[in-house]
Amino acid sequence: MNINEVMQQLESLGSEQTKKTLCKHGANEPIFGVKIGDMKKYLVKKIVNQDVSRELFATGNYDAQYLAGLTINPKEVTKEELLNWAETANCTAINEAIVASLAAETRYATELAKIWMASSEERIEDTGWSCYANYLSLAPNEEINENEVLALLENIEKNVHNAKNSVKYTMNQFVICVGTYYPPLLEKAISVAKNIGQVYVDMGDTSCKVPLATDYIEKVIEKDRVGKKRKRAIC
C-alpha cells in the first residue's frame with residue numbers, strides 16, 4: 001500500500017466516538033479516530049515499505065503517527081529520525097506510546113532518554129522518562145547501568161512532586177518499571193515508592209488515575225513476575 005491508500009483506509013476506519021475519546025486524552029487534529037485494534041487487524045501487515053511508515057508520521061495525523069510506530073522496524077530507524085519524531089509528535093500520547101516506546105527498542109535508548117530528560121519542554125522531558133522506563137522492561141539486566149538507574153530513582157524521590165504535570169506521571173511509571181523489571185534495585189524502588197506516595201497529575205476530563213507505585217509493585221511481587229521482561233515496548 002502507498003501512503004495515499006493507507007490514509008484513505010485510515011479515514012474509512014475512523015469514528016467520531018473514538019475521535020472524541022482520543023481527543024479527551026490529549027490527541028490533536030488532524031485525527032480520524034481509529035481504534036488500535038482495527039489498525040492491527042486491517043493495516044499493519046499491509047505496510048511493508050518503511051518509507052510509507054516514515055511518510056505516515058510526517059503527516060502529523062494522530063492515527064497515521066500511531067500506525068507509523070506499529071509498522072516501522074526499530075532496527076532501521078535512525079537516531080535523527082527519533083529526535084525529529086519527538087519534536088513533531090501529534091501529542092503527548094504519541095510521544096509516550098510511540099516515540100518513547102520505539103526508541104526504547106533501539107540501540108540509542110538510554111542516549112536518547114537522557115537527551116530528552118534534560119529538555120525544559122514538558123512533553124520532551126516526558127518522552128525521556130518514558131523511554132528509559134520502557135528500556136528497563138526490555139533490556140537484559142547485565143546491560144543496564146545500575147548506578148545510573150539508582151541516580152534517577154533518587155532524582156524522582158526528591159523532585160517528582162514538583163515536576164511538570166505529565167513528567168510526574170512518567171517518573172512514577174519509572175519507579176514502577178524499576179520495581180517490576182530490574183531486580184537489583186527492587187528494594188530501592190519499593191523504598192522510593194513508599195516515600196513519594198500518591199502522585200497527583202491533572203488527567204483532564206478523563207477517568208484515568210495515576211497508579212500507586214507501592215501497590216503496583218506489590219502485585220508484581222505477589223504474582224512472582226519481578227524481572228520478567230517484555231518482548232516489545234510498543235503495542
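Computed values, structure above
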| quantity | calculated |
| --- | --- |
| Single residue of segment 31-59 satisfying the filter (of a type in the set (A, V, I, L, M, F, W, C) and farther than 15 Å from Gln9 by Cα) that is most open to solvent (accessible area, probe 1.4 Å) | Val48 |
| Residue that is least open to solvent (accessible area, probe 1.4 Å), among those in segment 158-170 that are assigned to a helix (DSSP H, G or I) and farther than 16 Å from Pro211 by Cα | Asn159 |
| Filtered residue count, segment 31-77, keeping only those that are under 20 Å from Arg232 (Cβ atoms) and free of Cβ contacts under 8 Å to residues at least 24 places away in the same chain | 7 |
| Residues within segment 85-106 that are among the small types (Gly, Ala, Ser) and under 18 Å from Leu22 (Cα atoms), tallied | 3 |
| Output for segment 201-214, where each listed residue is free of Cβ contacts under 8 Å to residues at least 40 places away in the same chain and surrounded by 12 or more Cβ atoms within 10 Å (Cβ to Cβ) | Val201, Met203, Pro211, Leu212, Thr214 |
| Selection count where residues are of a type outside the set (Val, Ile, Thr) and either farther than 17 Å from Ala104 by Cβ or surrounded by fewer than 16 Cβ atoms within 10 Å (Cβ to Cβ) (or both), scope segment 121-157 | 16 |
| Entirely in segment 10-80, the helices (runs of 4 or more DSSP H) that have 2 or more residues that are touching a Phe, Trp or Tyr at 6+ places or on another chain (Cβ under 8 Å) | 16-24, 36-42, 62-71 |
| Residue count for segment 220-235, restricted to those that are surrounded by fewer than 11 Cβ atoms within 10 Å (Cβ to Cβ) and not in a loop (DSSP other than H, G, I, E, B) | 1 |
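The values are calculated or read from the model by the stated rules, or taken from the named source; none is laboratory data. These numbers come from a predicted model, not from an experiment. Because the Cβ atoms are built from the backbone with ideal geometry, glycine has one as well, and the counts that use them run over all protein chains shown. Only protein heavy atoms, including side chains, enter the accessible area calculation; ligands, DNA and RNA are left aside. Shrake-Rupley method; radii C 1.70, N 1.55, O 1.52, S 1.80 Å.
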